[in-house]
Amino acid sequence: MLREMQVGGLTVDPLTNTPIVLLKDSDERTVVPIWIGFFEASAIATKLEKVHLSRPMTHDLIKQILDRVGVKVTKIEINDLRDNTFYALIHLDMEGVRYAIDARPSDAIALALRTDAPIYVEEEVIEKSKKIERQKKEGEELEELLEGFSAKDFGKYRM
């Protein structure tokens with residue numbers, strides 16, 4: 001089952017300094033963080049901030065090509081999460097013929113923002129994402145706990 005979501009914003013992972021796009025459902029109760037590249041974050045931020053550039057960026061160019069040849073982006077779908085990697089499909093319609101194109105979620109989101117296409121996330125992906133977030137939080141809590149110990153707290157076995 002798919003759940004419609006919107007781009008809630010961009011942030012940066014404080015540990016890795018990697019950009020994260022945040023997808024939120026309409027109630028803003030569910031958030032799916034997706035780690036993305038710097039160029040894709042820039043493409044998403046440019047659209048969110050309504051920055052107009054003198055020359056088209058890659059996603060703007062793709063939109064122009066699709067518009068020119070009469071192809072409509074009907075939706076994008078974040079459809080899988082395997083080995084901490086998200087997967088997406090861009091759904092296209094060309095004169096009634098439908099296509100699903102494999103894409104990185106960041107590129108699909110950047111294109112969806114430019115074409116006003118809805119963004120959907122598979123429920124299973126949302127659940128997997130929550131599990132990863134819980135594991136990450138538990139790892140951070142353990143790291144904080146261990147940082148509070150001194151070498152003498154570990155007894156006679158030192159490394």
Taking first residues from the stretch 96-117 that are at pLDDT below 95 and second residues anywhere that are not in a loop (DSSP other than H, G, I, E, B), the pairs with Cβ under 9 Å that are 6 or more apart or on different chains are none
Exactly one of 29, 55, 3 is of a type in the set (D, E, K, R) and over 23 Å from residue 128 (Cα atoms), and that one is 55
Scanning the stretch 17-55 for residues that are free of Cβ contacts under 8 Å to residues at least 12 places away in the same chain and either surrounded by fewer than 12 Cβ atoms within 10 Å (Cβ to Cβ) or in a strand (DSSP E or B) (or both) gives 17, 27, 29, 49, 50, 51, 52, 53, 54, 55
query = Any residue at all in the stretch 86-96 that is surrounded by fewer than 18 Cβ atoms within 10 Å (Cβ to Cβ), within 16 Å of residue 125 (Cβ to Cβ) and aromatic (Phe, Trp, Tyr)?
reply = yes
Selection over the stretch 60-113 where residues are of a type outside the set (A, V, I, L, M) and assigned to a loop (DSSP other than H, G, I, E, B) yields a count of 6
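The values are calculated or read from the model by the stated rules, or taken from the named source; none is laboratory data. Note that this is a predicted model, so its numbers are computed, not measured. Cβ sites come from the backbone with ideal geometry, for glycine too, and all protein chains shown count toward neighbours.
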